[in-house]
Amino acid sequence: MMNKTFIISGEVHGGKTTYAAGLSKRLTDNGLQVTGFVCPGTFKNNHRNAFDLKFLHSGQQMPFARAGHVDGWINYKRFSFNPEALYLGAKQLDAIENSEQTVVFVDEIGQWELEDGGWAEAIIGLMQNKKTMKILVVRKKFISKILEKFKIDSPIIFDIQQTSFDAACEHIMHFNLTH
């Protein structure tokens, strides 16, 4: 069975999450069942200081990561991560139906997952789901390592600097109809 994995790629603070959120809305408008999540961030003094976890099927949003130490949260590099958000995000990925009409967004996969943290375990399970289209948000510098670690074969990569939003949506819709 053909791999149904797409990657939204770009640089740090390049607009990957905004692109993913917009693409998810467009795909929903075109009749696909969209699930998963994006992690919009906020800035303070020109530095990223927080991320929220936004579930695409419900619009529910909750604190995901904050710069610095937060009691009871999981520390990784300069951020603390909300264990409840990690649990709920992973639980949603684990519950995805193996359906051709489902598109799952995972924002973002990076160094933490390469070290078996974050969404790593849920992604391993999700990649076994062959019928479902998966759209993963990955920083450019991590693409080859992510492909190797999670055994992702021949994904279609949308570089947000080179692939227009409309072209990505059209490509996914066409892919869904022909595969």
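The values are calculated or read from the model by the stated rules, or taken from the named source; none is laboratory data. Bear in mind that the values here come from a model prediction, so they are computed numbers and not experimental data. Positions of Cβ are backbone-derived with ideal geometry, glycine not excepted, and every protein chain shown enters the neighbour counts.
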(message) Residue under question is Ser144, and the condition is that it be of a type in the set (Gly, Ala, Ser) and within 23 Å of Asp29 (Cβ to Cβ); does it hold?
(response) no
Restricting region 28-57 to residues that are at pLDDT below 95 and assigned to a loop (DSSP other than H, G, I, E, B), the one nearest to Phe142 (Cα to Cα) turns out to be Asn46
Only one of Ile160, Ile172 is within 27 Å of Asn49 (Cα to Cα) and surrounded by 12 or more Cβ atoms within 10 Å (Cβ to Cβ), namely Ile160
Check your understanding: Somewhere in region 52-74, is a residue among the polar types (S, T, N, Q) and surrounded by 18 or more Cβ atoms within 10 Å (Cβ to Cβ)?
Key -> no
Residue hits (region 1-27; touching a residue at least 24 places away in the same chain (Cβ under 8 Å), under 19 Å from Gln92 (Cβ atoms) and either outside any strand (DSSP E or B) or touching a Gly at 6+ places or on another chain (Cβ under 8 Å) (or both)) are Lys4, Thr17, Ala20, Ala21, Leu23, Ser24, Leu27
Inside region 133-166, the number of residues satisfying the requirement of being in a helix (DSSP H, G or I) and at pLDDT 95 or above is 10
**Message:** I'd like to check something: does region 103-119 contain any residue that is more than 19 Å from His13 (Cα to Cα), among the polar types (S, T, N, Q) and either touching a helix residue (DSSP H, G or I) at 6+ places or on another chain (Cβ under 9 Å) or assigned to a strand (DSSP E or B) (or both)?
**Reply:** no
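This table checks each residue for (1) within 16 Å of Gln162 (Cα to Cα); (2) in contact with a Cys (Cβ under 6 Å, 6 or more places away or on another chain); (3) charged (D, E, K, R).
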position: Lys16; (1), (2), (3): yes, no, yes
position: Tyr19; (1), (2), (3): yes, no, no
position: Arg26; (1), (2), (3): no, yes, yes
position: Val34; (1), (2), (3): no, no, no
position: Cys39; (1), (2), (3): no, no, no
position: Ala50; (1), (2), (3): no, no, no
position: His57; (1), (2), (3): no, no, no
